[in-house]
Amino acid sequence: MTRTIVVRRTLKAAPEELFAMLLDSDRLTSVPGVKVEILRGGMVSRDDVGLKRRVGFPGGFIVEEVVGLQREAPYRFDYRIRDATVKFRHDSGRIEFAPGPVGSGTKATWTSTFGVSDSRLLRPVEVVGQAAGHAAFWLALGLFDRHLASEGSA
């Protein structure tokens with residue numbers, strides 16, 4: 001079975017700043033607890049479509065491949081997870097940053113579609129995975145926002 005996680009959150013940072021930090025592997029490592037190892041650079045530049053990187057965080061890692069980008073509003077980062085601490089099938093992922101109405105910040109939407117291999121525990125594993133993914137995406141977006149705010153005040 002396939003599940004989709006959708007997290008929507010309003011952030012204070014500008015959409016172009018959020019997108020730039022997420023895409024720039026060096027800048028992403030400035031986020032507390034995040035480590036990035038480039039496995040393969042992108043097709044046009046290092047941090048571009050085709051980029052494959054291992055992103056470590058407290059308690060695990062993912063290997064993601066950038067499969068699509070939109071470098072203007074709404075900014076979009078499309079990816080596929082190729083490997084992770086917990087094994088699962090990842091069909092697609094997208095993080096979008098769109099400007100909200102004037103003075104209202106950025107509307108962030110993180111969508112991920114996944115599944116796990118067939119087993120007797122399939123349904124409970126997917127339900128728990130969906131809940132954990134939702135919480136992780138919510139927390140990560142907040143962490144990105146707070147980190148950019150602290151960069152601006154430094």
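The values are calculated or read from the model by the stated rules, or taken from the named source; none is laboratory data. A quick note: this is a predicted structure, and the numbers were derived from the prediction, not measured. As a convention, Cβ positions derive from the backbone with ideal geometry for all residues, glycine included, and neighbour counts pool all protein chains shown. To get the accessible areas, we keep the full protein, side chains included, count just its heavy atoms, and leave off ligands, DNA and RNA. Shrake-Rupley method; radii C 1.70, N 1.55, O 1.52, S 1.80 Å.
Filter the stretch 92-101 down to the residues that are under 14 Å from the mean Cα position of the chain (by Cα) and open to solvent by 40 Å² or more (accessible area, probe 1.4 Å) and list them by number.
Within the stretch 92-101, S92, R94, E96 qualify.
Tell me, which residue of the stretch 81-107 that is charged (D, E, K, R) and assigned to a strand (DSSP E or B) is modelled with the lowest pLDDT?
Among those residues, the one meeting the criterion is R89.
Whether any residue in the stretch 47-67 is at pLDDT 95 or above, in contact with an Asp or Glu (Cβ under 6 Å, 6 or more places away or on another chain) and exposed (fewer than 13 other Cβ atoms within 10 Å of the Cβ) is what I want to check.
The answer is no; no qualifying residue exists.
Hey, any hits in the stretch 26-46 for a residue that's without any contact (Cβ under 8 Å) to a residue 24 or more places away in the chain, closer than 20 Å to H134 by Cβ and touching a Leu at 6+ places or on another chain (Cβ under 9 Å)?
Yes, the stretch 26-46 has at least one match.
State the number of residues belonging to the stretch 77-88 that are free of Cβ contacts under 8 Å to residues at least 40 places away in the same chain and surrounded by fewer than 18 Cβ atoms within 10 Å (Cβ to Cβ).
Matching residues across the stretch 77-88 total 7.
Take the stretch 132-150 and flag every residue that is at pLDDT 75 or above and surrounded by fewer than 17 Cβ atoms within 10 Å (Cβ to Cβ).
A132, A135, W138, L139, G142, L143, R146, A149, S150
Determine the pairs where a residue that is closer than 14 Å to S92 by Cα, located within the stretch 1-22, has a partner that is in a helix (DSSP H, G or I) and not aliphatic (A, V, I, L, M) with Cβ atoms under 6 Å apart, the partner being 6 or more residues away or on another chain.
Once the first residue is closer than 14 Å to S92 by Cα and sits in the stretch 1-22, its partners that are in a helix (DSSP H, G or I) and not aliphatic (A, V, I, L, M) give R3/E126; R3/Q130; I5/Q130; I5/G133; I5/H134.
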